[in-house]
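A quick write-up on the structure given underneath.
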Amino acid sequence: GGNVYFQAVENLDTLIDFAGKHHWHAQNGQPGSGNNKHGANGRDLVIPVPPGTLIYDVDFDLLLKDLSEVGLKVRICRGGRGGKGNKAFATSTNQTPRYAEPGKKGQERNIQLELKLIADVGLVGMPNAGKSTLISRCSAARPKIADYPFTTIEPVLGIVELSDFRRFVMADIPGLIEGAHNGAGLGYEFLKHIERTRIIVHILDIMPTVGSDAVENYYGIRHELEQYNGRDAKIYKVKASRDERTFEGTIIVDVERNLPVFGHQKS
Ligand SMILES: Nc1nc2c(ncn2[C@@H]2O[C@H](COP(=O)(O)OP(=O)(O)OP(=O)(O)O)[C@@H](O)[C@H]2O)c(=O)[nH]1
Ligand SMILES: [Mg+2]
C-alpha cells in the first residue's frame, strides 16, 4: 500500500480542516497474482498542513516532526509491502503454484497535530483592541472585525508588502485575557502562536470600555506574555488604537506618561 505523509505547504494557515477526528489511509496495494505478478503499489497519500505544524504520535507521546518550513515532509505510516507473485512460491515439484500472496497490512498510527504559527510579527492585545483592523489595513488578510470581544477565534496570517519588495508575515492572534498563561479563555492555545514570532506588537486600546483601564490592560497583557515564556518585554511595542484625537487630551497624556514605550499614533 501507499505511505502516508504530512507536508507543510504554502497558503494554509490554520488546522481548522483537521478539527475533530479524522481517518486517512493511502491507497491499498494490489495483491500479487499469477503470471509472476507482484502486486501493484498503492499511491502515497500526502496530507497538506500549514507550515509550523508539529506532528505527534499520541500513543508514544512523541514529537515526530516539526514541519517548520514549507516543503518539509514526514512519513507517518509506511504502506504494507505488496503481495508476492506466484513465482515466489515455486518449488522443485510445483513450478507454477496457484498461490500468490496478498499484500501485507500497512502501519497504523494515532497522530495529533499542533500548530505554532510561523510569522515575523505577532499582534497581541485584549479582545476588541483593534488587532484584526490593523492586519486588514496593512495586508490582504480580511479577518472579521466587530465591536465585541473574541471576534477572532482562529489566528490569521497576512503578508505585509513593503515598498522595496521586502515582505513579512504578520499574525493576528485572538484576544488575550487575564490568566491566559494558565489557560484562561483560550489563552494557551493563542499564546503558543507567538512563541515563534520575531516581534510582538501589542495593540492597546487607549479608550477601553468603561470599567477597564488602558494602563492596567497594558501591564496585564505584558504579564501574560512574561508568565507564558518570559519573553523580553523590551521588544513589545505599543500602538494606540481608536480615535485618540477625539478625546480631550487628558486620557492620552495619562496613558503616555504611564507607558514605558510608545509607538506611533494613528494620524
Ligand atoms: N475608532 C477606532 N476604532 C477602531 C480602531 N481599531 C479598531 N476599531 C474598532 O474596534 C472594534 C474591534 O476591532 P477588531 O479589529 O475586531 O478588534 P480585535 O482586537 O481583532 O478583537 P478580537 O478579535 O475580538 O480580539 C471594531 O468595531 C473596529 O472597527 C481604531 O483605531 N479606531
Ligand atoms: Mg480580531
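The values are calculated or read from the model by the stated rules, or taken from the named source; none is laboratory data. Fair warning: this is a prediction, and the values are worked out from it, not measured in the lab. Backbone-built Cβ (ideal geometry, glycine too); neighbour counts: all protein chains shown. Please note that ligands, DNA and RNA were not included when accessible areas were found on the heavy atoms of the full protein model with its side chains. Shrake-Rupley method; radii C 1.70, N 1.55, O 1.52, S 1.80 Å.
Here the Kirkwood formula, the inverse mean of 1/r across different C-alpha pairs, assigns the range 1-115 a hydrodynamic radius of 15.9 Å.
So with the 1.4 Å probe, I'd like the accessible area per residue for the range 13-151, rounded to whole Å².
Numbers: 8510 Å² over 139 residues.
On a per-residue basis, 61 Å².
Of L225, L72, the residue with the largest accessible area leads and the full order is L72, L225 (1.4 Å probe).
Compute the length gained on full extension between T133 and D164: take 0.36 nm times their separation in residues and subtract their Cα-Cα distance, giving the result in nm to one decimal. Intermediate results must be reported in sequence, preceding the final value.
Details: separation 31, 0.36 × 31 = 11.16 nm, distance 2.39 nm.
Additional length available on full extension: 8.8 nm.
Quick check on my link table: of K21/K116; K144/K192; K84/K105, which ones sit more than 24 Å apart, alpha carbon to alpha carbon? Long pairs (Cα-Cα over 24 Å): none in the table.
Only protein atoms count toward the accessible area here, which uses a 1.4 Å probe; on the range 1-115, the carbon and sulfur part of that area reaches 47 percent.
Computed over neighbours whose Cβ is under 9 Å from that of G29, the net charge equals +2, Lys and Arg +1, Asp and Glu -1. Comparing Cα centroids, the range 10-32 and the range 140-155 end up 28 angstrom apart.
For the range 29-71, the convex hull drawn through the C-alpha positions has a volume of 113 cubic angstrom per residue. Of the residues C138, C77, the one with the largest accessible area comes first in the ranking C138, C77, computed with a 1.4 Å probe on protein heavy atoms.
Net charge around A171, counting only other residues with Cβ within less than 13 Å of its Cβ (Lys, Arg = +1; Asp, Glu = -1)? Write out the running numbers ahead of the final one.
Working: positive: K116, K131, K192, R196, R198; negative: D13, D120, E154, D172, E195.
That works out to 0.
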